[in-house]
């Protein structure tokens, strides 16, 4: 039986028992959480097969193999019965050009997986290049891919969109700048989609209710996530110095919190919001040792802590519901199960 990895900071709930999510599939995944606390996710396994999983913390999880192959880039729950997955067939990464992104859905009411829908024509040259939101059986996706004539100065990463949430829309290019665009992140609230993305070292933010975007620069750095709650917007990003920044307008005015601890490797910071509480975590280094940095803002006050464990943790998703966070992670070894814990 695995013991709890996390101690509870003041004013947060005591940690739940650790729950095993998947015992034999842990390469790359994402998840979303419902209003009642049920988690739905997709995970890429070592052989690139993709598995669907669901469950609660505390509680237990079940999983089933999907017919999809590739890397999972994002997951969205539609609020009714469908879990959407954005993925890419085959390997990809910085400097590579591979298969186009695809979207598919698992319907928990019928227990059936849909055939995948191909979205793009090429991949971009950055990993984790797409994002998806969904509501009541409809979806919207934004991703980056190379546009222009290969071998020319115009051959750059641009953003594209497609979906049904704002009306049926096939593949459509939405950026046309000389600077490359990448790492889009989407959030949905009350029919409005908010996007944060990187344009040559600067995080941009934009909103739309029709598919036509209104945008502006936000801050230097690349975004790791965007969340909208109760009309407020929260953006987590990494600056050129490797330090994590939380930028939000929760008080009605934009403010920035810069944390001292740098992100030390390629694992992306994750964050979540529940009510007025904000939670974030990333991997850092202290005195030459890897540690998991965890921060939370409760009642306007930031609390920071570090967790050192015998094995390096990879926390790939932070979710929040009813004022507490749920973290999904695996340990550093390739054979580690995927675990979850509510705090």
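Select from the stretch 332-343 the residues that are in a loop (DSSP other than H, G, I, E, B) and surrounded by 13 or more Cβ atoms within 10 Å (Cβ to Cβ) and list them in ascending order. Within the stretch 332-343, 336, 337, 343 meet the criteria. Among the conditions (1) closer than 27 Å to residue 145 by Cα; (2) in contact with a strand residue (DSSP E or B) (Cβ under 8 Å, 6 or more places away or on another chain); (3) surrounded by fewer than 18 Cβ atoms within 10 Å (Cβ to Cβ), residue 275 misses just one, which is (1). Condition test on residue 59, is it on the phi > 0 side of the Ramachandran plot and either crowded, with 17+ Cβ neighbours inside 10 Å or within 19 Å of the chain's Cα centre (by Cα) (or both)? For residue 59, the condition - on the phi > 0 side of the Ramachandran plot and either crowded, with 17+ Cβ neighbours inside 10 Å or within 19 Å of the chain's Cα centre (by Cα) (or both) - is not met. With respect to residue 329, is the statement that it is assigned to a strand (DSSP E or B) and crowded, with 17+ Cβ neighbours inside 10 Å true? The answer is yes for residue 329.
Say we look at the stretch 95-121 and pick out the residues that are surrounded by 15 or more Cβ atoms within 10 Å (Cβ to Cβ) and part of a strand (DSSP E or B); which of these is modelled with the lowest pLDDT? Selected residue: 101.
For residue 241, the stated conditions do not hold, so it cannot be described as over 17 Å from the mean Cα position of the chain (by Cα) and assigned to a strand (DSSP E or B).
Go through the stretch 296-329 and give me each residue that's in contact with a strand residue (DSSP E or B) (Cβ under 7 Å, 6 or more places away or on another chain) and at pLDDT below 90. Full working, then the answer.
Initially, the stretch 296-329 is screened for residues in contact with a strand residue (DSSP E or B) (Cβ under 7 Å, 6 or more places away or on another chain), giving 296-298, 302-308, 311-329.
Result: 306, 307, 308, 311, 312, 313, 314.
What is the residue count in the stretch 258-315 for residues that are more than 18 Å from the chain's Cα centre (by Cα) and assigned to a loop (DSSP other than H, G, I, E, B)? So the count comes out to 12.
Yes or no, residue by residue, for (1) in contact with a helix residue (DSSP H, G or I) (Cβ under 6 Å, 6 or more places away or on another chain); (2) within 18 Å of residue 131 (Cα to Cα); (3) part of a strand (DSSP E or B); (4) without any contact (Cβ under 8 Å) to a residue 12 or more places away in the chain:
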site: 152; (1), (2), (3), (4): no, no, no, yes
site: 157; (1), (2), (3), (4): no, yes, yes, no
site: 161; (1), (2), (3), (4): no, yes, yes, no
site: 182; (1), (2), (3), (4): no, yes, yes, no
site: 188; (1), (2), (3), (4): no, yes, yes, no
site: 211; (1), (2), (3), (4): no, yes, no, no
site: 236; (1), (2), (3), (4): no, yes, yes, no
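For the criterion of being at pLDDT 95 or above and either in a loop (DSSP other than H, G, I, E, B) or farther than 26 Å from residue 29 by Cβ (or both), residue 227 fails. Taken over the stretch 167-179, residues that are in contact with a strand residue (DSSP E or B) (Cβ under 6 Å, 6 or more places away or on another chain) and either part of a loop (DSSP other than H, G, I, E, B) or surrounded by 22 or more Cβ atoms within 10 Å (Cβ to Cβ) (or both) amount to 3.
The values are calculated or read from the model by the stated rules, or taken from the named source; none is laboratory data. In this text the structure is predicted, and so the values were computed from the model without any measurement. Because the Cβ atoms are built from the backbone with ideal geometry, glycine has one as well, and the counts that use them run over all protein chains shown.
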